[in-house]
Amino acid sequence: MLCGAGYNALTALTASDALILLRATKAKRMVISAQLQSVRGRPTRQVLQEIDPAAALLVLEENFATQDPGEAAA
């Protein structure tokens, strides 16, 4: 969906991989699951802000995966 909307979306399966991608790509926006509350025992938002304070962070709702696709995209 993001690629179809013109974004150069990249994905990572682990938090460690996501941190590497963030450093390597200088991402402007990040989308993470609501379940990812900490990275290496520290709050996720804090870890990401330390890498790039200008990057925007969108945390998906807990029930995002069960929502109607049209509603979830909005």
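Annotations for the structure displayed:
- Neighbour-count order for 1, 30, fewest beta carbons within 10 angstrom listed first: 1, 30
- Over the chain, the alpha carbon radius of gyration divided by the compact-protein estimate 2.2 N^0.38 Å works out to 1.13.
- Net charge dipole size for region 1-59 [Lys, Arg +1 and Asp, Glu -1 on Cβ; Debye, nearest 20]: 80 debye
- The stretch between residue 23 and residue 73 holds 15.3 nm of extra length on full extension. This uses 0.36 nm per residue minus the Cα-Cα distance.
Here, each number is a calculation from the coordinates, and none is a lab measurement. Predicted, not measured: the structure shown is a model, and the values here were computed from it. Don't worry about glycine lacking a Cβ; one is built from the backbone with ideal geometry, like all the others, and counts go over all protein chains shown.
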